[in-house]
Structures are given as C-alpha cells and as structure tokens.
C-alpha cells in the first residue's frame, strides 16, 4: 500500500518511518524550496528500534492510497496548498491535535475520504528526516469507517510496537484525546514542569485534575463517552520526564496550538453554559506569555 506523509515532523516522521520499515512505499510531501536538501531517508530512534529507511520526496501530494496529515494545526492551511484538488488519494487520515480540523477537511475533500484519527505519543523531529520517539508508547485510534482500507497498515504498525484501536464513535474518538491532552498541555506550559514534577506538586496536580474534569464536562455535553477519573489515572501513569508539545513550542517562541487544543473546550463550554474557570485561567496565562514574547525588546 502506498502512503504519503504531509508533515514529516515528530508524528509524521514516526508513522512514515515505521510504514517504510514494514515494506510499504512512503513519500514525504515537503516544501518545494527544501526539496533538494531534504534527506531521502528517515532515521528513527525509538524503543521500537533504531533504523534508517529510504523514502520518496515530492513537493505535492502524489497518487497514493493513504495520506497521513500530521502538521501542526497552525500549519494546516499552508500545508494544504501542496494538496491539489486533482490529487488521487483513497483515504485522508488527519492526526492533528484538536477537533475542528475534521469538519474543515470533510468540507473540502468529502466525508467518505476523511478518516479521523488521534495519536498519543511523544515524538520529535530533531533535524530534517531525524526523528526521536521519546515515549515508551504510541497509541493510535482510528475511526471504524477506515477499518477495511487501513487494516493492513494498522497491523504493520502494531507489529512494530504501536497500540491501535478502531472506534465507532467519532465524538468519543476525538474528545477522548482532547480531555487528556488539553489539561496536560495547559498545565505543563504554564508551570514549565515535566509530568513527574506536576505529579509531585500538590497545587499543579490538583489544577490538572480540575482541568480534566472541566474538559470532560464539555465532552459529555458534546455526546462523547469520557470518564474523568480514568483520564486522571492515565495521566498519572505517564513517564515522569514527559513534556507536552505546546510546552516545547512556547518555550522556544514557536506558535503553539492553543486554539486547536484549548479552543474546543472553551467554545463548547460557552455553548453549553458550562463553567470552566481553570481552563480559562490557564489559557489566558499562555496568551499573555505569547503576547509578551512578541513585544520588541
């Protein structure tokens, strides 16, 4: 099966490297101006194995069976400029953080081709084509509407160490990640702490738990099946040295995915009349930090 990766960063690079390792042809879609200097191999350092695999390169999405979209939410619009309407793609699998991108992609490419998915992992691109997978896990959840087409690549990823699950309920699929990610991203970014440091600090840990409960209240109002106690237990079992991608982005003055991650909780809370004071406070703190970083010095 042929695969194309739009967004060859930590997540896209991990997916691409593992599928290429399994023997499938993989093409990375990269900007035209970097095409000549981008390596034609993906190098992966992971608990799943350390290896280097050849990949194809293209400035636009080629004819392919599956397009995996793994760009930052802030980069989606510009990334789609490399995806011409004439491109022949059987399935589009977005792995972006958040929820709102699914409706946008379906409005553009049709509901049948867009297969929502989420991934829970800490993986980072440290240089073009060089990916470091830091978490001891990679949990991939995919809408059941893609079960027939994606059964083979999912099995290949599982053989390399991924945990994969097809889910019938797309609201639960998307919100089950967001109620986990948003609180962790917000608290880690505001405090600057690793997961272990958050767990060991009573105030930070309580703040994170309160944020989880707020997010879950909104998710339930959106008809997602989520359990705040289970989410808190899952977060509490994370490796102690993990940092969120939002935390890393803000620390390095890169645009964070704040609207994609916190936005659905805040907008959903407003729509349903749910009070989410902790989420509001954390989001405002990050917005102030971003604004201050933009001021001339």
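The values are calculated or read from the model by the stated rules, or taken from the named source; none is laboratory data. Predicted model only: the values in this text are computed from it and were never measured. When we count neighbours, we look across all protein chains shown, and the Cβ atoms used for this are built from the backbone with ideal geometry, even at glycine.
Annotations
- Top-ranked residue in the range 82-133 [being in contact with a strand residue (DSSP E or B) (Cβ under 6 Å, 6 or more places away or on another chain), more than 23 Å from residue 258 (Cα to Cα) and in a loop (DSSP other than H, G, I, E, B); ranked as modelled with the lowest pLDDT]: 113
- Of all residues making up the range 153-182, the number that are touching a residue at least 24 places away in the same chain (Cβ under 8 Å), in a helix (DSSP H, G or I) and within 13 Å of residue 21 (Cα to Cα): 5
- Residues satisfying the stated conditions in the range 130-145, i.e. within 18 Å of the chain's Cα centre (by Cα) and within 23 Å of residue 1 (Cα to Cα): 131, 138, 139, 140, 141, 142, 143
Yes/no per residue for (1) more than 21 Å from residue 138 (Cα to Cα); (2) more than 16 Å from the chain's Cα centre (by Cα); (3) surrounded by fewer than 24 Cβ atoms within 10 Å (Cβ to Cβ):
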{"site": "160", "(1), (2), (3)": "no, yes, yes"}
{"site": "170", "(1), (2), (3)": "no, no, yes"}
{"site": "173", "(1), (2), (3)": "no, no, yes"}
{"site": "194", "(1), (2), (3)": "no, yes, yes"}
{"site": "219", "(1), (2), (3)": "yes, yes, no"}
{"site": "222", "(1), (2), (3)": "yes, yes, yes"}
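- Qualifying residue in the range 86-106 (condition: crowded, with 20+ Cβ neighbours inside 10 Å, more than 30 Å from residue 222 (Cα to Cα), in contact (Cβ under 8 Å) with a residue 24 or more places away in the chain and not assigned by TED's automatic domain parsing to the domain that holds residue 268): no
- Residue within the range 68-76 that is surrounded by 13 or more Cβ atoms within 10 Å (Cβ to Cβ), free of Cβ contacts under 8 Å to residues at least 60 places away in the same chain and in a helix (DSSP H, G or I) present: yes
Results for (1) in contact with a strand residue (DSSP E or B) (Cβ under 6 Å, 6 or more places away or on another chain); (2) assigned by TED's automatic domain parsing to the domain that holds residue 103, shown as yes or no for each residue.
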residue	(1), (2)
137	no, yes
142	yes, yes
147	yes, yes
158	yes, yes
163	yes, yes
176	no, no
202	no, no
209	no, no
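- Qualifying residue in the range 13-22 (condition: assigned to a loop (DSSP other than H, G, I, E, B) and at pLDDT 95 or above): yes
- The range 1-38, residues that are farther than 24 Å from residue 154 by Cβ and surrounded by fewer than 17 Cβ atoms within 10 Å (Cβ to Cβ): 31, 32, 33, 34, 35, 36, 37, 38
- Meets criteria (surrounded by 20 or more Cβ atoms within 10 Å (Cβ to Cβ), without any contact (Cβ under 8 Å) to a residue 60 or more places away in the chain and within 20 Å of the chain's Cα centre (by Cα)) for residue 44: no
- Selection count where residues are in contact (Cβ under 8 Å) with a residue 40 or more places away in the chain and under 14 Å from residue 280 (Cα atoms), scope the range 229-268: 7
- Checklist (1) under 20 Å from the mean Cα position of the chain (by Cα); (2) assigned to a helix (DSSP H, G or I); (3) under 21 Å from residue 257 (Cα atoms) applied to residue 234, failing item: (3)
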